[in-house]
């Protein structure tokens, strides 16, 4: 939307947005975590070298990485902009612009 005020002022405002459903989402079914006992061992040793390997920290160490691929991701994008122009003398122009945006994914 654009409007001219008086003779030398122009205000322009715009919005854009999108929404998506059924996007690809990846989840780790056998993540590598640090248990409280493993963290205490690291603190007691005073060294990061006491951290077990990635495979040793998995919920089920006898299995490797298990990636689940699902089509349940959603996303939103919203953006607003405003522009204010003022015509000055001798062909000069002053401008003030503002852009706001937000993105959200699940």
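All of the numbers you see were taken from the coordinates with simple rules; none came from a lab. Nothing here was measured: the structure is a model prediction, and the numbers come from that model. Note that each Cβ is placed from the backbone with ideal geometry, even for glycine, and that neighbours are counted across all protein chains shown.
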Scaled by the rule-of-thumb 2.2 N^0.38 Å, the alpha carbon Rg for the chain gives a ratio of 2.10
Note: residue 90 to residue 37 extended length (0.36 nm per residue) minus current alpha-carbon separation gives 11.6 nm
Mean Cβ-within-10 Å packing, highest first, puts peptides 18-24, 71-77 in the order 71-77, 18-24
